[in-house]
1. With a cut-off of 8 Å between alpha carbons and a minimum separation of six or more residues, what is the relative contact order of chain A in percent?
2. Tell me, what are the semi-axes, in whole angstrom and largest first, of the equivalent ellipsoid of chain B as set by the roots of 5 times the Cα gyration tensor eigenvalues?
3. Can you tell me what percent of all Cα-Cα pairs in the protein assembly as shown are more than 23 Å apart?
4. Pairwise over distinct Cα atoms, reciprocal of the mean inverse distance: report the Kirkwood radius of the stretch A:2-156 in Å, one decimal place.
5. Once you list every other residue whose beta carbon is under 14 Å from the beta carbon of B:Arg58, what net charge do they have if Lys and Arg are +1 and Asp and Glu are -1?
6. Using alpha carbon centroids, what distance separates the stretch A:80-103 and the stretch B:1-63, in Å?
7. Would you be so kind as to list the residues of the stretch A:63-89 that have their accessible area lowered by at least 50 Å² in the full protein complex compared with their chain by itself (1.4 Å probe)?
8. Taking the stretch A:2-156, how many lysine pairs are there with alpha carbons less than 23 Å apart, if each pair must be eight or more places apart or span two chains?
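The values are calculated or read from the model by the stated rules, or taken from the named source; none is laboratory data. Keep in mind that what you see is a predicted model, and the values were worked out from it rather than measured. Quick reminder, even Gly has a Cβ in these numbers, built from the backbone with ideal geometry, and neighbours come from all protein chains shown. For accessibility, only protein heavy atoms count, side chains too; no ligands or nucleic acids. Shrake-Rupley method; radii C 1.70, N 1.55, O 1.52, S 1.80 Å.
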Amino acid sequence: MEQMIGILFPFLIIGLLLMLGLVIGGANERSHFAAIRQREAQLSYMQVTNLKSFFAPVAAEPNAQMVVGHAVITADYLKSFFAGFRKLFGGELGSFNPLLERARREAILRMMEEAARSRCNAVCNLRVEATNIYGIQNKKNNQMVAIAVLASGTAYRIETHSPRPMAS
Amino acid sequence: MIVVNTETIPNMRIVESRGIVQGNTVRAKHIGRDIAAGLKNLVGGELSGYTELLTEARRQAVLRMMGQATELGANAIVNVRFSTSAVTSGAAELYAYGTAVVVEPVA
């Protein structure tokens, strides 16, 4: 009997960690997505483009300025486990898709919030960049995944009153 | 100093270019944060310690870049780009670069 427990113990631990990922990680993700959707709705007036030029006539005040948003999101144990399993067969690592989406949308939102704080209502030349900050050392045991996303852009205020031609 | 990542600045005219300016920094958090991050890796979610780390690093890199631009006598930096890389686990390099220019307001 004791031997049985000894054999089963590692499986129990893994099972527990998987449950932890499923329950807490899942709840975390759902609430995060809900928060992201709500904040995106609040900022829906903001015109964000990745064009290099200013899309609309630019107001003199406030000055155009660079805005940046960061987010570092980590995978839960369940996601890493599925990904490790998936690597045996190849194909899309579906469990990581929502993770990257969360990190990107969060970083872009933070950037937009920074723009909103300085009374801007548009962002152009949006750039999004992602790296796995655990990626290098943990080559052998690549269980740890943390996506760091950096979003940057130029915030400005669209001039609504004067009928000036479009700024270049 | 005006810092933008577009090629032009609205309501300003670029008079002179002073060349590329850059700033970089490599930062790491203490081991406690790394352990906390390892635990967080089981349940998923945001690693706010690392977000903070990147924010500080970015600020530092931009400041260094602005310092260089000031030395060159520029009053704005255009076309700023960032690049991040993981040097080792738990340490992040942040590199910012742009073109230092002299601008004057459009009359």
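1. Details: 254 pairs, mean separation 55.6, N = 168.
Once divided by the residue count of chain A, the mean separation gives 33 percent.
2. Result for chain B: semi-axes of 36, 13, 9 Å.
3. Cα-Cα pairs in the protein assembly as shown separated by more than 23 Å: 59 percent.
4. About 17.9 Å for the stretch A:2-156.
5. Here the charged neighbours net out to +1.
6. 27 Å
7. The answer is A:Met66, A:His70, A:Val72, A:Thr74 - residues whose exposure falls by at least 50 Å² when every protein chain is included.
8. Qualifying lysine pairs in the stretch A:2-156: 5.
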